[in-house]
C-alpha cells in the first residue's frame, strides 16, 4: 500500500511543503523561516499568554525543582 503524503503550511511564510525527511526544518520550509520564528520568540512578538514571571518566585526555597529527577 502506498503511503499517503501529508502536506503542511510553513508557519512563517505559509508555503506548502511535504512532511518528509526532504524538509529537515519541518514544520518550517527552510532554515531561514525557522530562524525568523525563533527571533519572534526571542524579541517577544510570539508569547504564551499568562501572568509575567516573577524572578523572586523562581528562587523560593523548597521548590520541587531544587532536587534532581530520580530515574
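Throughout, read-outs are computed from the coordinates displayed, never taken from laboratory work. If you're wondering where the values come from, they're calculated on a predicted model, not measured in any experiment. Cβ: placed from backbone, ideal geometry, glycine included. Neighbour counts: every protein chain shown.
Sort the stretch 1-45 into rounded, prolate or oblate with this rule: let a ≥ b ≥ c be the square roots of the eigenvalues of the Cα gyration tensor; rounded if a/c is under 1.5, and if a/c is not under 1.5, prolate when a/b is larger than b/c, oblate otherwise.
prolate
Going by average Cβ neighbours within 10 Å, how do the peptides 27-35, 41-49 rank, with the highest at the top?
27-35, 41-49
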